[in-house]
Amino acid sequence: FQMADPFLYNTGERSGYGCLGHEVQIEHIKAYVCRPSYFTDKAVIVIHDIFGWMFPDIRYIVDLIAGHGYITICPDFFKGTDPWKTTDHWHDFADWMKEHDPVKVDRSLSSLLFICLREADVVLKYLKEQCDAKKIGIVGFSWGGMAVHHLMLKNPQLSAGVSLYGSVQHMKTYTGLHQIFHSSCKNDDLTNVLFLKCIIGIIRDSEERYDLLNPTFFIFGEKDHTISYDQITLLDEKLKQYCKVPYKIKVYPGQVHGFAQLKPEDMKPVDKPYIEEARKDMIDWIKTFI
């Protein structure tokens, strides 16, 4: 049988997409911003996936959200470091991920999550002072979905969040598997997939990982090989036990990792209804709480 590449969905033809927004410099951070055609004091931060802030699919989502009446911004949370590229080799992914880890919170670890927390504050300041935003939400995809989960645990300024196919990693497991991966993997696709299922989908079992500060919506695909149904079930059980604010988890039939950010020309007819449903659900959540 043929094994799908980790993380990847059909990347389609992206070069022809004409973005509706523009790039800005916010202190030390570059960002892509799109505004609606009328004044609003509501804003949404979009956190990109491993392909970075310039990837056309993410900019398409920024434009889509802006079209619903929100100042929408996608900052470069990699701060100029290289994103993962479609031409990169998956046997190098473990090393790349080690330098682009969205979940560590200890400042001494030079963690990317601490960077996310810090950069989120910079972006929040920009939205409030330069865009007159009074209510701000956040949306993230894959890598960004994991970051959203953490930010919704840490930053009360974010009124609501949507995490798409991202979950909380168990970093002790990640460290051990990173060593195993390097000692055992020889360009083996199956090993790559199993490794990624471990580092991306394992949910850390502690109360603090489920005590969300504000309403959060978790979106998953049924056929996402990086996040198992058991892990989603565990997330639901723990949120029921510990979460004190509204939350929602929804799994979309037949959908793979990355399904919700495809541009229209890249959608398969069989997937289109679920992609559109996920986007509508995302927008409805934002409109309900922001």
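Quick notes on this structure:
- Cβ-based charge dipole, the stretch 211-290, positive-most Cα from Phe220, Ile232, Tyr242: Tyr242
- When peptides 224-234, 20-30 are sorted by average Cβ neighbour count within 10 Å, with the highest value leading, the order is 224-234, 20-30.
- With the simple spin-label model, which puts each label point 7 Å out from Cα in the Cβ direction, the Lys287 to Lys248 separation comes to 1.1 nm.
- Peptides 52-65, 32-45, 123-136, 264-277 ranked from most to least packed give 52-65, 32-45, 123-136, 264-277, packing being the mean of other C-beta atoms within 10 angstrom over each peptide's residues.
- Placing a pseudo-label 7 Å from each Cα along the Cα-to-Cβ vector at Lys154 and Ser37 gives an inter-label distance of 3.9 nm.
Every number here is computed from the coordinates shown, using simple stated rules; none is lab data. Since we're looking at a predicted model, the values are computed, not measured. Glycine gets a Cβ as well: all are built from the backbone with ideal geometry, and neighbour counts include every protein chain shown.
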